[in-house]
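Trainee: I am attaching a structure below and will ask some questions about it afterwards.
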Amino acid sequence: RKMSIFNWGKKKVKKAPAIDFGKGKFLSTKTYGNDRGFSCCFRQWRAKHSHCSLLHGYSLGFKLVFECDSLDERNWVMDFGGLKELKDWLEDHFDHTIVVSKDDPEIGQFRALEKRGLAKVKVFDNVGSEKFAEEVFKQMTIIIERSKHLKKALNPTVRVKSVEVFEHDANSAIYERQ
């Protein structure tokens, strides 16, 4: 909708060009902070020059940004009550787990720990905060698209814009839709 910058109040003033606000989109965020306790251990075995090749862990945090072209009937971008499936997935993959890359040369050692009941091992295509952000982005997109397909989505225009994974307050990685 266009609005004149000079038509405020009751007093009419000199006519000015209308302002075009353009077509916008709406954003909302959901954060599972580092304080939530997604205690995850991993290593980046290819980082041979760095201590990151050793097992190390963080209480990971996740920030999801949702976007839509139009709000639902409650004027929401995303119904956060519909995020239980994602929260369950995050807990399963990042809470008290060791995450290893499928091509880690020591994967057999990690599997042996799991077999002995000493570790909960999750295997990803690749490991690191950047790849975790991409994987969470994909999982949330699957959840949203499935709910749209099943006609359970409350906002048919919602989509994931980005996912940020925090190792701690100083380090994070973002995967974003182009």
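Trainee: Give the residue that is nearest to the chain's Cα centre (by Cα), with candidates limited to residues of the range 154-168 that are of a type in the set (A, V, I, L, M, F, W, C) and open to solvent by 30 Å² or more (accessible area, probe 1.4 Å).
Mentor: Initially, the range 154-168 is screened for residues of a type in the set (A, V, I, L, M, F, W, C), giving 154, 158, 160, 163, 165-166.
With the extra rule that they be open to solvent by 30 Å² or more (accessible area, probe 1.4 Å), the set shrinks to 154, 166.
Details: LEU154: 19, PHE166: 10 Å.
Per the stated criteria, the residue is PHE166.
Trainee: Do the conditions hold for VAL99, that is, is it of a type in the set (A, V, I, L, M, F, W, C), crowded, with 20+ Cβ neighbours inside 10 Å and touching a residue at least 60 places away in the same chain (Cβ under 8 Å)?
Mentor: Against the criterion (of a type in the set (A, V, I, L, M, F, W, C), crowded, with 20+ Cβ neighbours inside 10 Å and touching a residue at least 60 places away in the same chain (Cβ under 8 Å)), VAL99 does not qualify.
Trainee: Then there's this: If you check every pair at least six apart or on different chains, which have Cβ atoms under 6 Å apart with a residue in the range 67-87 that is under 17 Å from GLN139 (Cα atoms) first and a residue that is open to solvent by 40 Å² or more (accessible area, probe 1.4 Å) and of a type outside the set (Lys, Arg) second?
Mentor: Cβ pairs passing all conditions: GLU67/LEU27; ASP79/LEU154.
Trainee: Within the range 102-137, track down each residue that is more than 25 Å from LEU64 (Cβ to Cβ), open to solvent by less than 50 Å² (accessible area, probe 1.4 Å) and in contact (Cβ under 8 Å) with a residue 60 or more places away in the chain.
Mentor: ASP104
Trainee: Taking MET78 as meeting all but one of (1) under 14 Å from the mean Cα position of the chain (by Cα); (2) hydrophobic (A, V, I, L, M, F, W, C); (3) at pLDDT 95 or above, write down the number of the exception.
Mentor: MET78 satisfies every listed condition except (3).
Trainee: Turning to a different aspect of this structure: Please state which of the following conditions GLN178 fails to meet, knowing it meets all the rest: (1) part of a loop (DSSP other than H, G, I, E, B); (2) more than 16 Å from the chain's Cα centre (by Cα).
Mentor: Every listed condition holds for GLN178 apart from (2).
Trainee: Which one is least open to solvent (accessible area, probe 1.4 Å) among residues in the range 63-85 that are within 24 Å of CYS41 (Cα to Cα) and out of contact with any strand residue (DSSP E or B) (no Cβ under 8 Å at 6 or more places or on another chain)?
Mentor: GLU85
The values are calculated or read from the model by the stated rules, or taken from the named source; none is laboratory data. All values derive from a computational prediction rather than experimental measurement. Here the Cβ is made from the backbone with ideal geometry for all residues, glycine too, and neighbour counts use every protein chain on show. All accessible areas refer to the heavy atoms of the entire protein, side chains included, with ligands and DNA or RNA removed. Shrake-Rupley method; radii C 1.70, N 1.55, O 1.52, S 1.80 Å.
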